[in-house]
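Report on the following structure.
The values are calculated or read from the model by the stated rules, or taken from the named source; none is laboratory data. The shown structure was predicted, so the numbers you read here are calculated from the model rather than taken from an experiment. Cβ coordinates were reconstructed from backbone atoms using ideal geometry, including for glycine residues, and neighbour counts include every protein chain displayed.
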Amino acid sequence: MIRMACHLRNVRPLCPAGGLGVLSDIWIKDGHISSIRPAQDDCAVSPDCAQIDDGEVIDGRGALCLPGLVNTHNHTPLMSVRGMVEDLGFAPAYVPGVPQGHWLSEEETLALARLGVMELMLAGATTIVDYYRKPEALARAATEMGVRAQVGGRVMDADSAALAEGRFEHDRALGAASLRDALDLIEKWDGTARIQTILAPHAPDTCSRPMLKEFARLAQAMGKQVHTHLAQSPLEVDCIRAREGMTPVEFLDDLGLLNADLVAAHCIFLTEEDIARLGRNRVVVAHAPIGNASFGAAAPICALEQAGAQITLCTDTKSADMFEAMRMAIATARWRSGMKMVLDARTVFGWATSGGAAALKGQSASGTLEPGAPADMILLDPSAPNLRPVIDGFGIVAHSGSASNVRSVICEGEVLVEDGRPIRVDPVEVIAEAQQVAERLWQRARG
Ligand SMILES: [Zn+2]
């Protein structure tokens, strides 16, 4: 059953631009915020409220109300290897002896994607980016849960089996098959429900020059953003230097891919000139501080922002906790700068909300709370001790908040999560199915 929120009572809005508001009532109409006013005792005094007969009233009891979070880089089927690969190497695709993406059937991908999208949503994301093989399953999972999603088919022409043994062998047929799935997705799903589609070549090292050249052509022809991994590992940098005689950033520039329509995840192993190039071209960076730190790295995120790159935040399927990502972004930036206070709570809050929304092309979320904005918002637990005291709002959310504080999630005016539980799906079923799939995959991996 789809329930449209009529209004939220007694909430404290926290906006990336406006800061912490007074105790307020927020009215929602036709999927948008119609008004935000200081809290009043009687809902009937609002003309907006009186116009809506069957709307729902949510009493926030003083809860912090944030714009829905925008999580700009994930691969939900990789839930299958979470908790198992983090101590083995830097990315599952490059590690032998773990389940590989190409083993997954459509239904297995769907089961894992349901778990991943549900977790992202419960953690407060109302807009997500998700790309992997079998992309239609990702679109189905996001549609079932109700979040806004930018979905793509992950395309690469490197042979996965060779890759797991550290060799790059490109095969035109492999690339053509994954590209066909990606283009089918765009044709069938673009603009349906809350789904937008993207182009998603995997990385400079796992895609050959002709394959990436084709993506530069497609991006131009279709007006779509290209999401990829960039400067993610020393292995990638060495591979591209040997293969192309330049850095991965120079390589993408050479192909015509370096512009504001490129969303590049990680961006860690960069030269000074790479940083300047990414900035000059207004490239969007999907900053993944949790994943980066887990294998001992930190991206030069402040230098990238100063150079002009657009910074967004993601959890990259490591966890779904964007609060942890905000905190880790600050911690790793300060570590990288030699204990300088280079980044603050307000800035990372902006990356996780309005910055992310503005950087993703073709979707309608704004990452803000203001009349006229799409009604994407989350309520945090008003009785959570870790969220007190609330004085300016940004600090307590970024330095002390947690995904488990998210109690309500509203997307386009629809309540998707209430009291920490998803409305549209049975979480017990979603978890049990994903567990079964993952167990089967690991049995196969262990022979
Ligand atoms: Zn990734």
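Quick notes on this one:
- Looking at segment 334-434, the helices (runs of 4 or more DSSP H) lying wholly inside it that each contain 2 or more residues that are closer than 20 Å to ALA286 by Cβ and either under 19 Å from the mean Cα position of the chain (by Cα) or among the aromatic types (Phe, Trp, Tyr) (or both) sit at 345-350, 356-359.
- Selection within segment 90-103: residues that are closer than 18 Å to ALA137 by Cβ and part of a loop (DSSP other than H, G, I, E, B). The member of this set that is modelled with the highest pLDDT is PRO99.
- For segment 225-241, the count of residues that are out of contact with any Leu (no Cβ under 8 Å at 6 or more places or on another chain), without any contact (Cβ under 8 Å) to a residue 24 or more places away in the chain, surrounded by fewer than 17 Cβ atoms within 10 Å (Cβ to Cβ) and farther than 30 Å from THR143 by Cα is nonzero.
- Test: THR76 is in contact with a strand residue (DSSP E or B) (Cβ under 8 Å, 6 or more places away or on another chain), under 22 Å from ASN292 (Cα atoms), at pLDDT 90 or above and not assigned by TED's automatic domain parsing to the domain that holds VAL22: yes
- Residue within segment 81-89 that is at pLDDT 95 or above and assigned to a loop (DSSP other than H, G, I, E, B) present: no
- Residue match in segment 425-447 (condition: touching a residue at least 60 places away in the same chain (Cβ under 8 Å), surrounded by 14 or more Cβ atoms within 10 Å (Cβ to Cβ) and more than 30 Å from GLU107 (Cβ to Cβ)): no
- Complete set of residues in segment 268-319 that are of a type outside the set (Val, Ile, Thr), within 14 Å of the ligand (Cβ to nearest atom), crowded, with 24+ Cβ neighbours inside 10 Å and assigned to a loop (DSSP other than H, G, I, E, B): ALA288, ALA299, CYS314, ASP316
- Scanning segment 153-186 for residues that are part of a strand (DSSP E or B) and either surrounded by fewer than 15 Cβ atoms within 10 Å (Cβ to Cβ) or among the basic types (Lys, Arg) (or both) yields a single hit, ARG154.
- Qualifying residue in segment 193-200 (condition: modelled with pLDDT of 95 or more, of a type in the set (Ser, Thr, Tyr) and either crowded, with 21+ Cβ neighbours inside 10 Å or touching a helix residue (DSSP H, G or I) at 6+ places or on another chain (Cβ under 7 Å) (or both)): yes
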